[in-house]
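The structure under discussion appears below in the form of structure tokens.
The values are calculated or read from the model by the stated rules, or taken from the named source; none is laboratory data. All of these numbers come straight from a predicted model, not from anything done at the bench. Virtual Cβ from ideal backbone geometry, glycine too; neighbours counted across all protein chains shown. For the accessible areas, the whole protein counts, side chains as well, though only heavy atoms, and no ligand, DNA or RNA atoms are used. Shrake-Rupley method; radii C 1.70, N 1.55, O 1.52, S 1.80 Å.
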Protein chains: 4
Amino acid sequence: MAGNSFGDVFKIHTFGESHGKGIGVVIDGCPSGVKIDESFMLDELTRRRPGQSRVTTQRQETDEFEIQSGVFEGVTTGTPISIYIKNKDQKSKDYTHIANTFRPSHADMTYNIKYGVRDYRGGGRSSARETAARVAAGAIAKLLLKQSNITIEAGVTQVGNIKVNSSIEQLDFTKSEENIIRCPDPIKAKEMEELIMDIKNKGDTIGGIVACRINNCPGGLGDPVFDKLHADLGKAMLSINAVKGFDYGSGFDSVAMLGSEHNDAWISEGDHPKTKTNFSGGIQGGISNGMPIYFKVAFKPVATIMRDQESLDKEGQMVIVKGKGRHDPCVVPRAVPIVEAMAALVIADHLLKQKSYSRN
Amino acid sequence: MAGNSFGDVFKIHTFGESHGKGIGVVIDGCPSGVKIDESFMLDELTRRRPGQSRVTTQRQETDEFEIQSGVFEGVTTGTPISIYIKNKDQKSKDYTHIANTFRPSHADMTYNIKYGVRDYRGGGRSSARETAARVAAGAIAKLLLKQSNITIEAGVTQVGNIKVNSSIEQLDFTKSEENIIRCPDPIKAKEMEELIMDIKNKGDTIGGIVACRINNCPGGLGDPVFDKLHADLGKAMLSINAVKGFDYGSGFDSVAMLGSEHNDAWISEGDHPKTKTNFSGGIQGGISNGMPIYFKVAFKPVATIMRDQESLDKEGQMVIVKGKGRHDPCVVPRAVPIVEAMAALVIADHLLKQKSYSRN
Amino acid sequence: MAGNSFGDVFKIHTFGESHGKGIGVVIDGCPSGVKIDESFMLDELTRRRPGQSRVTTQRQETDEFEIQSGVFEGVTTGTPISIYIKNKDQKSKDYTHIANTFRPSHADMTYNIKYGVRDYRGGGRSSARETAARVAAGAIAKLLLKQSNITIEAGVTQVGNIKVNSSIEQLDFTKSEENIIRCPDPIKAKEMEELIMDIKNKGDTIGGIVACRINNCPGGLGDPVFDKLHADLGKAMLSINAVKGFDYGSGFDSVAMLGSEHNDAWISEGDHPKTKTNFSGGIQGGISNGMPIYFKVAFKPVATIMRDQESLDKEGQMVIVKGKGRHDPCVVPRAVPIVEAMAALVIADHLLKQKSYSRN
Amino acid sequence: MAGNSFGDVFKIHTFGESHGKGIGVVIDGCPSGVKIDESFMLDELTRRRPGQSRVTTQRQETDEFEIQSGVFEGVTTGTPISIYIKNKDQKSKDYTHIANTFRPSHADMTYNIKYGVRDYRGGGRSSARETAARVAAGAIAKLLLKQSNITIEAGVTQVGNIKVNSSIEQLDFTKSEENIIRCPDPIKAKEMEELIMDIKNKGDTIGGIVACRINNCPGGLGDPVFDKLHADLGKAMLSINAVKGFDYGSGFDSVAMLGSEHNDAWISEGDHPKTKTNFSGGIQGGISNGMPIYFKVAFKPVATIMRDQESLDKEGQMVIVKGKGRHDPCVVPRAVPIVEAMAALVIADHLLKQKSYSRN
């Protein structure tokens, strides 16, 4: 209830501050018998890690993790899986300047209002470092989904005003990993990289969009009314730092469409019924229909910029703040694995839930 | 867990099918001592009701409700409040044609995959009639919020390609109730009305956008990490029938903005700190900062159209389906009170949650 | 969270006051395809009903219920099942004398402390009338369990100092329904009946014990650590009005036993492993082991007695209160179906949960 | 939902196996501003620790814990508090003999049925080592309760047939810590010690009772219907390893009492209303009434005995098992701090919940 847990059956609890001793996650509800591939988990964490390319922050963090429970002889036992990642690169001194200052468009002020006290070092609990715990848990969820042949792919489709034009259904996301932007279109990737470098050199930041597709999701996942599959995906994405918007299928574009254009006709083809078009984005009435699920996530420009900005201190006095240290000029390249992880957690949760409710 | 409950502390449970005996909601966790204004509740339900104008369905439903528990001598007692709305206009015969047929872009097929059986009459549980229960519960939430001077306003800002240009922060939503579109801009309202009537006459439907603003929300609401205030608002909105997208504050537009433009500087003005701009939409790090909260909700065109469409029946055979009866050509005018109700439920829930966590 | 819901997957939400418009329950999470037998449901409610024999209250209530949703053509659809029971025998005038008075060992004072306001008529929400909703929901749970051949039986094994001597494992509970005490031992039943009538004639009340056995429960139900199967059964029973204690298997008697006596040896016999003795009560480490589950529930003497008692009014002044109306001299005969209902809800919930976690 | 979490607002999530890397707990929902006293936490863990006296197991474990998050400059920040205790004394070889064998009255067989795989070393997740995490979390809960002057005391009141005669309300629990049995009556303590040593020398074990009293609990805690305060206390206690029964106030003894004896008359005395007697155990209608809360918890004899016992192996063949290593002859002396910890968790949770529901 305090906001650090996610999911109903495949459920995670995260903890930890950016510059405390470490961060971690406890996964509860993972079925027994899932083979744990630690090198895959490390790969996933590496995709999220700072310092991986010139368009990301040069801050170095290691994401060496330890599985402390729930896995025995390489296999999950059905008991809680605790994963812990020690903090190493804790330059706490860097942050004394913000102990009494509220940075613009950060969580400094709101944490102060809510809690009265806060661990101000590096943003504390509000730091994006928290997302490493999500990626670690998402890796386990992906291993579970693999048993059902469900895969999740994502990539950057927009930075500033540079957009990939193809529909998300058609994108070849395997190409995303071939460039440092994680954009499935190599030509646009190059343009995006140039834009980001230019903005970075000016001490500024820029926003972007991550698109995601879930393949081979069986029909019947998602619960009617409040826990619609896309509502849970939306909440998952909106919970990621810096996210400002979410849409799925035809999304915001559907607003200007006619019903006669937008309706997806059912056709008989192969084993399962399919739809001719897929404006529904694989979800109808909140329940998956067996078609690919796809959605978009909008990220704002990073709040930490290398420029002077007016703000307030604890006494309500005007102060000038300026970003220090090493920060991302654009968050989307590193956000790709986070989006995938959150999608994996939602689908794993609904997959297990559906077993409870099925009649067999 | 089965998807029919919403909220943590101020929690609702809804039930009922479009053409069953009735629909209803049980509200659990409403504090004692809230004065219940039944005529206000009826007004809210009337705003959602079909048959209210020529741009909505002409289907007649009465929304006469009965409070069955939890209120004694006009005041809430702290025990569950059950509100029941009997179904009256149950023309079940209208729906026999869909008993064995899956309409395009409806929930017919997905319910069938999920449950094996379904109450096909009028969409059953997936019908938008279910939202009457949300509006009834939302009315109680609004009465609770009124005690803290928090108000919620919404209106239609786009139908098809016709858009209101002003920012949501500046809109005078009191004007929304003066036209049948519920658009705060009377000139745009007229254009929208013409567009909808034109599309209706062609047997087609069109999408639209509802914008919402929450005024006087205190700082400190929302929980870090997964239950960010905007993530809960997003889930709430995405759970409404026909919604395809959600964004808040600068939303999808933030993608093309620079950090230096987007950051909201803190300024000292009056009792509470304020921000010079409000691209954050009143929420930072998932927690309200005391500024107005605002967001947009995208609705797709209604799936029921008065035209022949190809689809499948239960045996997988191609059939022609055509909408019958009386349906909305555009859902947004009636969606306004639903958006407000869901927003009220989210804020009421977080307001009560915050009392648990506060140190005093 | 406000205490009116029970269960995780097979989840119920109850509402209603003793002398309000009615009481009811919404069942969420019942799988689709369960055949609903309304006459069985009525039988169960009749077993709980006041006025059924001379050892129970002579108050007349009808338990005519209406299923308002979730059932279509006699079968559950997987959507919420709302069951409503109108109140009829509402002699509200009977209760004006307690509007300002706190009866000894009732919930009058504690509701007043907690909520500030209360529906004092007939105990309002704290009345045992609330248990009718449990029995209605429990009947649905029993219908679900029947699909897995799981049965639940209970009976009265003690009233005052009169005890049935046989072990709960050996009792023939089918005999419970043959006498008005619902005691499986007909000779003890007669003694108990005489004792209760004697106490009733003196305007007093007496306590008792209900024992319960769950047959054919598969192994593997129950969750380790906090949601042990017996912990959930214990909470379920302790939540029933007037219950003061719970034990299972060897229970409180185990305190004086040696480990060498108490351990249940595993033996190979038939398809499944069995234990030679069953002091474990069918549960080990919180998880069912396939043996019969059995437990005891202690009920205090009913608080309403037909005698003068000292107490306080709202102004803190001493007053004399005396029970009015028609009340049970001993609660256990009518508690039997309530105990069974709560047991059915717990087992149904864990049966569905286990499907989520199983590897297949 | 998988059974490793406890509480609603003050919520804990535990993890870890007896012979894995370590065990731990994440506390979510603790308000900010609670001063953390690590030496008090260590004292509490030391009271639970094996090897503390001749009546407990001689197994050595250290309970050195690390707070990994949620505390900054000695004070809670409102974010999750993760506490980790590394395992040290891991003689895994001791347990290879039970890898394929199901010990009588242990959780070996039921874990196998439920999960198919299990960490058999030292009982894995079902080991009582798990309770160290509860005690650590309970210590934080006690620090929170201290702010409201609420204290929790417990002691051993029965071992085998040796009983303390005084009522729980009158016991001076400060004396419990003066003897190794943790019995508030020093004379009975001596007898109990002799009995336990005698049984230990015979390689056998014996059960016992722990009684607990909660002082200064304000009225109004506990939720009506399902989450009655005593129902939550009961579930908490029944979730502790080896517990077979729970009763509160007059408990099982109430069965043979008359209503006229059992009712607690309200009297005016001092600031708050009080009851003349306290058979209610401080709880009426599931809600605390301001009087002392007291209850009893029954523990069975420990299952591991130093004697040959018949059992089955994985192939269903009969085998002889015999306890190895160092085990408790009687669990109650070490159970005292665990009972207190679980009580503290329940009261802390309801204290915070009540803030949400209160009208102010």
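The table below lists the values:
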{"item": "Residues that are within 8 Å of chain D (Cβ to nearest Cβ) and touching a strand residue (DSSP E or B) at 6+ places or on another chain (Cβ under 9 Å), drawn from segment C:285-302", "result": "C:S288, C:N289, C:G290, C:A298, C:F299, C:K300, C:P301, C:V302"}
{"item": "Test: A:K88 is more than 7 Å from every other protein chain (Cβ to nearest Cβ), in contact (Cβ under 8 Å) with a residue 24 or more places away in the chain and more than 26 Å from A:A2 (Cα to Cα)", "result": "yes"}
{"item": "Residues satisfying the stated conditions in segment A:128-137, i.e. open to solvent by less than 20 Å² (accessible area, probe 1.4 Å), more than 7 Å from every other protein chain (Cβ to nearest Cβ) and of a type outside the set (V, I, T)", "result": "A:R129, A:A132, A:A133, A:R134, A:A136, A:A137"}
{"item": "Residue match in segment C:234-252 (condition: closer than 23 Å to D:S311 by Cα and free of Cβ contacts under 8 Å to residues at least 12 places away in the same chain)", "result": "no"}
{"item": "Selection from segment D:96-111 of residues that are more than 9 Å from chain C (Cβ to nearest Cβ) and either at pLDDT 90 or above or touching a Lys or Arg at 6+ places or on another chain (Cβ under 8 Å) (or both)", "result": "D:H97, D:N100, D:T101"}
{"item": "Segment C:167-179 residues that are in contact (Cβ under 8 Å) with a residue 60 or more places away in the chain and in a helix (DSSP H, G or I), paired with ones that are of a type in the set (S, T, N, Q) and surrounded by 15 or more Cβ atoms within 10 Å (Cβ to Cβ) (beta carbon under 8 Å, 6 or more apart)", "result": "C:I168/C:T157; C:E169/C:N278"}
{"item": "Among residues of segment D:25-39, those that are in contact with a helix residue (DSSP H, G or I) (Cβ under 6 Å, 6 or more places away or on another chain) and either closer than 28 Å to D:G122 by Cα or at pLDDT below 95 (or both), counted", "result": "2"}
{"item": "Count - residues of segment D:151-174 that are in contact with a helix residue (DSSP H, G or I) (Cβ under 8 Å, 6 or more places away or on another chain) and open to solvent by 10 Å² or more (accessible area, probe 1.4 Å)", "result": "9"}
{"item": "Residue count for segment C:206-232, restricted to those that are out of contact with any His (no Cβ under 8 Å at 6 or more places or on another chain), closer than 24 Å to D:V225 by Cβ and facing another protein chain (nearest Cβ under 8 Å)", "result": "7"}
{"item": "Options B:S32, B:S39: the member that is free of Cβ contacts under 8 Å to residues at least 12 places away in the same chain and among the small types (G, A, S)", "result": "B:S39"}
{"item": "Scan of segment B:287-309 for residues that are open to solvent by 20 Å² or more (accessible area, probe 1.4 Å), touching a residue at least 60 places away in the same chain (Cβ under 8 Å) and either hydrophobic (A, V, I, L, M, F, W, C) or over 24 Å from A:D247 (Cα atoms) (or both), ordered by number", "result": "B:G290, B:V302, B:M306, B:R307, B:Q309"}
{"item": "Residue match in segment A:162-185 (condition: within 11 Å of another protein chain (Cβ to nearest Cβ) and not small (G, A, S))", "result": "yes"}
{"item": "Pairs where the first residue, in segment D:144-163, is among the hydrophobic types (A, V, I, L, M, F, W, C) and the second is open to solvent by 40 Å² or more (accessible area, probe 1.4 Å) and part of a loop (DSSP other than H, G, I, E, B), C-beta under 7 Å, 6+ apart", "result": "D:I150/D:N216"}
{"item": "Residues located in segment D:240-256, provided they are within 18 Å of D:I293 (Cβ to Cβ) and facing chain C (nearest Cβ under 8 Å)", "result": "D:G245, D:F246, D:D247, D:Y248, D:G249, D:S250, D:G251, D:F252, D:S254"}
{"item": "Single residue of segment B:1-55 satisfying the filter (within 14 Å of chain A (Cβ to nearest Cβ) and among the acidic types (D, E)) that is surrounded by the fewest Cβ atoms within 10 Å (Cβ to Cβ)", "result": "B:D8"}
{"item": "Segment A:187-205: number of residues that are touching a Leu at 6+ places or on another chain (Cβ under 8 Å), acidic (D, E) and either surrounded by 21 or more Cβ atoms within 10 Å (Cβ to Cβ) or over 28 Å from A:M342 (Cβ atoms) (or both)", "result": "0"}
{"item": "Segment D:237-267: number of residues that are closer than 26 Å to D:F299 by Cβ and in contact with a strand residue (DSSP E or B) (Cβ under 7 Å, 6 or more places away or on another chain)", "result": "15"}
{"item": "Residue match in segment B:64-75 (condition: more than 13 Å from chain A (Cβ to nearest Cβ) and either of a type in the set (F, W, Y) or touching a His at 6+ places or on another chain (Cβ under 8 Å) (or both))", "result": "yes"}
{"item": "Scope segment D:243-274; condition polar (S, T, N, Q) and at pLDDT below 95; matching residues", "result": "D:S268"}
{"item": "Top-ranked residue in segment B:113-127 [being within 12 Å of chain A (Cβ to nearest Cβ) and free of Cβ contacts under 8 Å to residues at least 40 places away in the same chain; ranked as farthest from B:E66 (Cα to Cα)]", "result": "B:I113"}
{"item": "Qualifying residues in segment A:133-186 (those that are of a type in the set (G, A, S) and touching a Lys or Arg at 6+ places or on another chain (Cβ under 6 Å)) - the one nearest to A:I240 (Cα to Cα)", "result": "A:G155"}
{"item": "Those residues of segment C:303-320 which are facing another protein chain (nearest Cβ under 8 Å) and more than 20 Å from the chain's Cα centre (by Cα), in sequence order", "result": "C:I305, C:R307, C:Q309, C:E310, C:S311, C:L312, C:G316, C:Q317, C:M318"}
{"item": "Residues of segment C:17-52 classified as assigned to a strand (DSSP E or B) and out of contact with any Asp or Glu (no Cβ under 7 Å at 6 or more places or on another chain), total", "result": "7"}
{"item": "Output for segment C:324-360, where each listed residue is among the hydroxyl-bearing types (S, T, Y) and surrounded by fewer than 24 Cβ atoms within 10 Å (Cβ to Cβ)", "result": "C:Y357, C:S358"}
